[in-house]
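Undergrad: The structure is given below, and queries will be raised subsequently.
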Amino acid sequence: METLLYLGCTVPVRNLNYEVSARLTAQALGITFRDLESFGCCGFPLKSINARDTMVIAARNLALAEREGLEVCGLCNACVGTLTEVAHVLESRPELKEEVNTRLASIGLRYEGPVRVRHYMRLLWEEIGVDAIRTAVKRPLAGVILAPHYGCHYLKPSELTAGFDSPEVPVTLAELILATGAEVVDYPSLKDCCGGGVLGMSEDTANALATKKLKDVAQTAAHALVLVCPFCNVMYEGQQKKIAKKAALDLKVPVVYYPQVLGLALGLSSEELGFKMNRVKPSTVLKIVEG
Amino acid sequence: MSRIKLNELDASFKDLVARQPGGEGIKACFACKACTSACPIEAVDKRYDPRKIIRMALLGMKKEVLESDFIWLCSSCYGCHEVCPQNVRFTDVMFAIKNLAVAEACIPAGLTAQKTLLKDHGRLYEVTDFENEKREKMGLPHIVEHAEDYSTLLD
């Protein structure tokens, strides 16, 4: 299948390991990512200032996708959440769609909709499927133990994610990890928010949320925490050193992106998958897989 | 906070909130506190309490809500949204309340910076030759900024 790859702001600048591993795994599994150079920010950062501005900015990107006649595939939970939500709201509120289109006219765009938006994980789940992934695995990750972290906008609000996964009992990421041959651990704060949404306003509050999960995961047998969102990465990888220092903890929880894990199982090398960019090295994972 | 006098409050505040996109559900709240119980922020920072914010808004404590620091503590996790029996959609109500605070010039510095970045670069992070060279080395396509669209749309 072919889809437009929506990179957003953070991934293509700060998380090249996520981007490169998503591209390589998609290619290996028969998903064609088409780049659209005109895509920009999804509008999420404006939502607290003016939710109407967010709608207009999101609709700009949706209108550009509509012109290509393709659906959108995102890597960031916040981008996917925002674009999905705005597509949904504009579908049910024609008066808002008209308001948005009046503003889009100033840059020569119009959005009719609907345009479908899915997270890369949802594409893997729905278009490829766990069984096909298991079949495609060339190097099962036997002995690797991983802790999943879904992230809030991956699961909620459930009216936007209905039919995909459940906010109460999420399974997709765990199942997709299991398909690589790795083991999955459960832990008490599995469904907790990373705190990233409040980092800019109150760092202590944000860190307090991330601390709990990092401590929980450190107590399990997991060799790494598996993410699918660059916002969550800011908290668990970017803030980890600071959190450890503040809490006087000896925290060293390797943080990886799911497509990196999948890539290893598909036979790609850790170098190709950008593992040298992971700040806390997942040494045990790489030792088990690559020796 | 000094004790409020009901007749000095702005009873129309709840209607103002309900007129914002996302704020529509606020009046359906029957104060069950499911939102607060599900809130991860409230668990670590007692300044933030969803039910309290709803009650304050319904009573008409416009100034106390819009000028507070606590309205900026929502992490937008949608935990409250999922558990609300009245479909208040509190995460979106919070965005509506924050939008009203901004309209009243109560805007935290970090937020204005984000809007400026979007108008100047169309993205939260500027993409310079440095970033694109790094991308090229990894076989990734160049990123092109489209700031003109963003500055036109956000003016």
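Undergrad: Can you name the number of the only condition in (1) at the interface with chain A (Cβ under 7 Å from one of its Cβ atoms); (2) modelled with pLDDT under 95; (3) surrounded by fewer than 18 Cβ atoms within 10 Å (Cβ to Cβ) that B:Val144 fails?
TA: The number of the failed condition is (2).
Undergrad: Name the one entry in B:Lys52, B:Lys5 that is basic (Lys, Arg), surrounded by 14 or more Cβ atoms within 10 Å (Cβ to Cβ) and away from every other protein chain (no Cβ under 14 Å). Working first, answer last.
TA: Working: B:Lys5 fails: surrounded by 14 or more Cβ atoms within 10 Å (Cβ to Cβ).
After applying the criteria, what remains is B:Lys52.
Undergrad: Considering each residue of the range B:109-140, count those that are more than 28 Å from A:Gln27 (Cα to Cα) and more than 7 Å from every other protein chain (Cβ to nearest Cβ), and give that number.
TA: 9
Undergrad: Which residues, counting only those in the range B:110-126, are in a helix (DSSP H, G or I), more than 18 Å from the chain's Cα centre (by Cα) and surrounded by fewer than 18 Cβ atoms within 10 Å (Cβ to Cβ)? Break it down into steps so the answer makes sense when it comes.
TA: Restricting attention to the range B:110-126, the residues satisfying the condition of being in a helix (DSSP H, G or I) are B:110-121.
From the residues that got through so far, the ones that are more than 18 Å from the chain's Cα centre (by Cα) too are B:117, B:119-121.
Of everything in the range B:110-126, those that are in a helix (DSSP H, G or I), more than 18 Å from the chain's Cα centre (by Cα) and surrounded by fewer than 18 Cβ atoms within 10 Å (Cβ to Cβ) turn out to be B:Lys119, B:Asp120.
Undergrad: Okay, moving on. Among the residues of the range A:21-38, write down those that are surrounded by fewer than 24 Cβ atoms within 10 Å (Cβ to Cβ) and either within 10 Å of chain B (Cβ to nearest Cβ) or small (Gly, Ala, Ser) (or both). It would help to see each step written out before you state the result.
TA: Taking the range A:21-38 as the starting set, the residues that turn out to be surrounded by fewer than 24 Cβ atoms within 10 Å (Cβ to Cβ) are A:23-24, A:26-38.
Scanning the range A:21-38 gives A:Arg23, A:Leu24, A:Ala26, A:Ala28, A:Gly30, A:Asp35, A:Glu37, A:Ser38.
Undergrad: Tally the residues that are surrounded by 20 or more Cβ atoms within 10 Å (Cβ to Cβ) and outside any loop (DSSP other than H, G, I, E, B), restricting the search to the range A:129-152. If you could, list the steps in order and put the result at the bottom.
TA: Of the range A:129-152, the ones surrounded by 20 or more Cβ atoms within 10 Å (Cβ to Cβ) are A:133, A:141, A:144, A:146-152.
Those left that are additionally outside any loop (DSSP other than H, G, I, E, B): A:133, A:146-148, A:152.
Going through the range A:129-152 one residue at a time, the tally reaches 5.
Undergrad: Also: Applying the selection to the range A:198-215, what residues are more than 9 Å from chain B (Cβ to nearest Cβ), charged (D, E, K, R) and under 11 Å from A:Lys242 (Cβ atoms)?
TA: Scanning the range A:198-215 gives a single hit, A:Glu203.
Undergrad: Could you grab me the full set of residues in the range B:22-49 that are buried (at least 19 other Cβ atoms within 10 Å of the Cβ) and in a loop (DSSP other than H, G, I, E, B)?
TA: Within the range B:22-49, B:Gly22, B:Gly23, B:Gly25, B:Cys29, B:Cys39, B:Asp45, B:Tyr48, B:Asp49 meet the criteria.
Undergrad: Out of (1) closer than 29 Å to A:Tyr257 by Cα; (2) in a helix (DSSP H, G or I), the odd one out for A:Ser106 is which?
TA: Every condition holds for A:Ser106 apart from (1).
The values are calculated or read from the model by the stated rules, or taken from the named source; none is laboratory data. As the structure is a computational prediction, the values presented were derived from the model and not from experiment. All Cβ positions, even for glycine, are placed from backbone atoms using ideal geometry, and neighbour counts span all protein chains on display.
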